[in-house]
1. Go through the stretch 347-374 and give me each residue that's surrounded by fewer than 21 Cβ atoms within 10 Å (Cβ to Cβ), closer than 30 Å to GLY146 by Cα and touching a helix residue (DSSP H, G or I) at 6+ places or on another chain (Cβ under 8 Å).
2. Looking at the structure I just gave you, is SER184 crowded, with 16+ Cβ neighbours inside 10 Å, under 26 Å from GLY66 (Cβ atoms) and out of contact with any Lys or Arg (no Cβ under 6 Å at 6 or more places or on another chain)?
3. Among the residues of the stretch 187-204, what is the count of those that are within 10 Å of VAL330 (Cα to Cα) and either free of Cβ contacts under 8 Å to residues at least 40 places away in the same chain or not aliphatic (A, V, I, L, M) (or both)?
4. Conditions first: (1) touching a residue at least 40 places away in the same chain (Cβ under 8 Å); (2) in a helix (DSSP H, G or I); (3) over 27 Å from LEU321 (Cβ atoms); (4) not aromatic (Phe, Trp, Tyr). ARG174 passes all but one, so which condition is the exception?
5. Within the stretch 274-290, take every residue that is more than 15 Å from the chain's Cα centre (by Cα) and part of a helix (DSSP H, G or I) and give me the one that is farthest from VAL25 (Cα to Cα).
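Coordinate-derived values only; no laboratory data. From a predicted model like this one, the values you see are computed outputs, not experimental measurements. For neighbour counting, all protein chains shown are included, and Cβ atoms are generated from backbone atoms with ideal geometry for every residue, glycine included.
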Amino acid sequence: MLSKQKIATLGLQHVLAMYAGAVAVPLIVGGALQLSAVQIAYLIAADLFTCGIATLLQVIGTRYTGIRLPVVLGCTFTAVGPIIAIGSASNLATVYGAIIVSGLFVVLAAPLFGKLLKFFPTVVQGSVVTIIGLSLIPVAMNNAAGGQGSPDFGQPHNLLLALGTLVVILLVNRLARGFLRAISVLLGLIAGTAAASLMGRVDFNAVWEASWFNMVEPFYFGAPEFNIAAILTMILVNIISMAESTGVYFALGKLTGQEIGREDVVKGLRGEGVAIVLGGIFNAFPYTAFSQNVGLLQMSGIKSRSVIISAGAILLVLGLLPKLAALTTVIPSAVLGGAMIAMFGMVVASGINILSQVDLRQNENLLTAACSIAVGLGSAAVPGMFDQLPAMLKMLLQNGIVTGSLTAVILNLLLVHGNKTLPSALESTASSGKEATQLGRVQ
């Protein structure tokens with residue numbers, strides 16, 4: 001039984017693992033829309049606050065919403081480009097009107113999406129989880145080099161900090177036991193930041209300048225405005241996020257030994273829809289399940305929902321106390337990159353582990369996994385191949401998780417069940433998915 005102090009420490013580790021991704025979106029959006037420093041600070045606070053609410057909604061759950069898995073929610077990077085485009089063409093009020101309506105769409109569309117679960121047998125699940133992990137690796141490597149676009153990208157000190165952080169995490173996992181091993185990522189981040197501070201690579205100015213308290217206000221940028229084109233764009237963004245989150249649910253189900261059925265997916269997506277609506281009300285962003293925390297669960301071996309509840313509470317507090325939030329931003333990108341290599345690699349390993357339950361000696365299964373992973377990774381690595389397509393289609397196909405998932409589903413139906421009638425194929429696929437996930441529930 002974990003003590004409250006240990007639960008809080010493990011929760012903080014999850015917050016630090018996702019923090020860079022959480023604050024990057026408001027920083028990018030705020031800078032692109034030329035918001036003031038005060039407005040950007042509000043965006044960050046609102047985002048962290050809503051991340052906390054969204055995470056608690058999913059983990060605690062209700063009768064109709066929340067998947068009740070140890071999942072952390074954060075703003076999706078898929079929304080960054082569309083938000084900037086809508087905000088530049090009109091204003092932020094139009095952005096948030098579109099986010100609110102798209103969130104309602106997710107709530108209403110969740111049951112329909114849940115029916116697609118029968119198209120996700122084990123070979124598809126394993127392929128999707130592997131694609132999720134592989135698509136995150138470039139993010140880890142860019143951070144390890146100092147952060148994409150940074151003036152010292154690839155400098156030796158960044159590579160050394162990333163390597164040192166990774167080595168500390170590996171040593172703790174090799175030499176430590178129990179709780180210390182569970183917080184290996186946190187210890188690596190602390191050690192890496194301390195080393196960076198000795199090298200003069202840590203800037204505390206943001207901490208000194210941040211205020212102590214900030215209250216998140218609904219409709220901070222004005223009453224929402226509604227535009228059909230903007231709404232359709234955000235709905236497409238959230239359809240992509242629904243596909244990504246479904247893959248994360250499968251990964252967490254395998255990791256925690258919980259059966260993921262249709263109702264679980266529906267309640268999880270409903271929870272995300274509610275979180276997206278709250279994001280629009282509090283002038284934050286659309287939210288989705290964060291993959292990096294799946295790798296952290298695998299590394300720590302602690303899969304208790306109480307830890308993620310603690311993480312959600314910490315995010316709420318950080319949203320109200322900007323000075324504490326700023327303190328977490330001093331971790332250099334290279335240090336985060338070193339930790340991400342281990343965490344994202346664990347997501348890949350988790351996908352491979354799921355695929356190991358599939359008979360890959362059957363050529364149909366092998367081709368399904370091989371081609372879907374290749375298409376998903378290729379789409380993420382070379383997104384420019386879709387530049388000549390219409391904007392909506394381009395946005396959809398540049399997401400490797402979406403293209404890889406679609407490829408896996410289609411190939412599984414054509415190759416594995418191609419010699420059967422379609423109704424029989426669907427029944428067989430549903431049965432396969434059900435049998436593969438009947439493992440018992442996490443309380």
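1. VAL348, ALA349, ILE352
2. no
3. 5
4. With respect to (1) touching a residue at least 40 places away in the same chain (Cβ under 8 Å); (2) in a helix (DSSP H, G or I); (3) over 27 Å from LEU321 (Cβ atoms); (4) not aromatic (Phe, Trp, Tyr), ARG174 is out only on (1).
5. Looking at residues that are more than 15 Å from the chain's Cα centre (by Cα) and part of a helix (DSSP H, G or I), I get VAL274.
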